[in-house]
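Student: One structure follows; several queries about it will come next.
The values are calculated or read from the model by the stated rules, or taken from the named source; none is laboratory data. Note that the structure is a prediction, hence the values are computed from the model and not measured. Cβ sites come from the backbone with ideal geometry, for glycine too, and all protein chains shown count toward neighbours. The protein model used for the area step is the full one, side chains on, heavy atoms only, and it has no ligands, DNA or RNA in it. Shrake-Rupley method; radii C 1.70, N 1.55, O 1.52, S 1.80 Å.
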Amino acid sequence: MRFFVLAVVMVFSRPALADSIDAATGLQLTNIVTGVNGVTDLRFLPDGRLIFTEKSGAAKVRQDDGTLKVMRQFPVDTQSEKGLLGLEVDPQFTTTRRLFFYYSRTNANGGTDLNRHRVVSMALNTDDTLDEASEHVLVENLRGPANHDGGALAI
């Protein structure tokens, strides 16, 4: 499964390299998701469905029939390297249905917002939308620059 994830990331980020791997190994690479833009992170749910984030703030799931569904559009600041940057699945997802996100919140008041970057948890509803009422801020007051923002999450 981990090699498959590597292949997907490579297809998103470096098509020429993916083609050379195909020729060198005899593997056949297949696009399983199209029509995405600025993918920043991806994970598999325990049932095998692919979830991913886009810099623009969209958290999406590839459903069993191959269609994409927006789980939520986060209110993000996308200037420079900011946006929806990180995603992780709760190790107890089958019980909690929790997902974790790192994002650069948009500044609604137009001023300098030093509390822009945050890590939150949210529950995934059975209709593959995120329960916005369940959003729980886990880490905040992360002072972030205009660029070189991180966002990787791992458990």
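Student: Residues in the stretch 90-105: is at least one at pLDDT below 95, more than 17 Å from His136 (Cα to Cα) and loosely packed, with under 12 Cβ neighbours inside 10 Å?
Tutor: Within the stretch 90-105, none of the residues are at pLDDT below 95, more than 17 Å from His136 (Cα to Cα) and loosely packed, with under 12 Cβ neighbours inside 10 Å.
Student: Being open to solvent by less than 50 Å² (accessible area, probe 1.4 Å) and either under 20 Å from Thr40 (Cα atoms) or modelled with pLDDT under 75 (or both) is the filter here, so list the residues in the stretch 124-149 that pass it.
Tutor: Leu124, Asp128, Thr129, Leu130, Gly144, Asp149, listed by residue number.
Student: When the residues of the stretch 37-52 are narrowed to those that are open to solvent by less than 60 Å² (accessible area, probe 1.4 Å) and touching a Phe, Trp or Tyr at 6+ places or on another chain (Cβ under 7 Å), which ends up farthest from Gln73 (Cα to Cα)?
Tutor: The selected residue is Leu45.
Student: What number of residues within the stretch 63-83 are open to solvent by 40 Å² or more (accessible area, probe 1.4 Å) and part of a loop (DSSP other than H, G, I, E, B)?
Tutor: 9
Student: Something else now. Do we find that Gly66 is under 24 Å from Gly35 (Cβ atoms), modelled with pLDDT of 90 or more and not hydrophobic (A, V, I, L, M, F, W, C) in this structure?
Tutor: no
Student: Could you please let me know if Lys60 is crowded, with 17+ Cβ neighbours inside 10 Å and in a loop (DSSP other than H, G, I, E, B)?
Tutor: Considered against the rule, which asks whether it is crowded, with 17+ Cβ neighbours inside 10 Å and in a loop (DSSP other than H, G, I, E, B), Lys60 comes out as no.
Student: Out of Leu42, Leu87, Leu68, which single residue is closer than 22 Å to Asn125 by Cα and touching a helix residue (DSSP H, G or I) at 6+ places or on another chain (Cβ under 8 Å)?
Tutor: Only one candidate qualifies: Leu42.
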